[in-house]
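**Q** I have a structure I would like to understand better, so I am pasting it below and will then ask my questions one at a time.
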Amino acid sequence: MATPADAEELRRSPFAHQVLRALVEVDGDADDARAVAELIPDGIGQLWHGYGERTWEVLAAAGNAGIDVRVGLEDVLVLPDGRTAADNAELIAAAVALISRRLSRYLWE
């Protein structure tokens with residue numbers, strides 16, 4: 001779901017009760033992802049990802065909210081610090097580190 005209109009369409013669908021997880025994939029930032037996510041019916045799991053450098057903001061927001069994420073070279077070519085990623089494994093490691101740091105801060109505050 002890329003837009004709030006997509007989520008509204010899911011909400012109105014007679015098949016929404018059969019959906020196990022919705023992919024929230026926005027071109028924008030974390031606020032755009034939240035705008036889509038808040039319209040997804042309760043009980044449907046979510047997986048977020050973004051595009052380009054905004055990917056990291058979207059993943060961080062998802063991690064803060066306990067929402068699943070995905071990342072890969074088809075979405076973003078750079079790491080959070082702006083360096084070019086060598087491969088998908090480096091992107092995944094960066095995502096795990098980003099979310100782990102945020103969770104650690106949250107748990108110890």
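The values are calculated or read from the model by the stated rules, or taken from the named source; none is laboratory data. Since the model is a prediction, treat every value here as computed from it, not as a measurement. In this analysis, Cβ positions are derived from the backbone assuming ideal geometry, glycine residues included, and neighbour counts consider all displayed protein chains. For the accessible areas, the whole protein counts, side chains as well, though only heavy atoms, and no ligand, DNA or RNA atoms are used. Shrake-Rupley method; radii C 1.70, N 1.55, O 1.52, S 1.80 Å.
**Q** Kindly indicate which of R12, R34 is open to solvent by 40 Å² or more (accessible area, probe 1.4 Å), touching a helix residue (DSSP H, G or I) at 6+ places or on another chain (Cβ under 8 Å), among the charged types (D, E, K, R) and at pLDDT 95 or above.
**A** When all the criteria are applied, what remains is R34.
**Q** Would you tally the residues in segment 15-31 being open to solvent by 60 Å² or more (accessible area, probe 1.4 Å) and among the hydrophobic types (A, V, I, L, M, F, W, C)?
**A** Kept after step one, since they are open to solvent by 60 Å² or more (accessible area, probe 1.4 Å), are these residues of segment 15-31: 15, 17-18, 20-21, 23, 27, 31.
Add one more test, that the residue is among the hydrophobic types (A, V, I, L, M, F, W, C), and what stays is 15, 20, 23.
Residues that pass the stated criteria total 3.
**Q** Between residues in segment 32-57 that are within 15 Å of D6 (Cα to Cα) and residues that are of a type in the set (S, T, Y), which pairs lie under 8 Å by C-beta distance while being six or more apart or on different chains?
**A** So the pair list comes out as V36/T3.
**Q** Then there's this: Restricting the search to segment 81-92, which residues are under 18 Å from the mean Cα position of the chain (by Cα) and open to solvent by 60 Å² or more (accessible area, probe 1.4 Å)? Break it down stepwise before answering.
**A** Step one: of segment 81-92, the residues under 18 Å from the mean Cα position of the chain (by Cα) are 88-92.
Passing the criteria: N88, A89, I92.
**Q** From V71, V76, grab the single residue that is open to solvent by less than 20 Å² (accessible area, probe 1.4 Å), of a type in the set (A, V, I, L, M) and in contact with a Ser or Thr (Cβ under 9 Å, 6 or more places away or on another chain).
**A** V76
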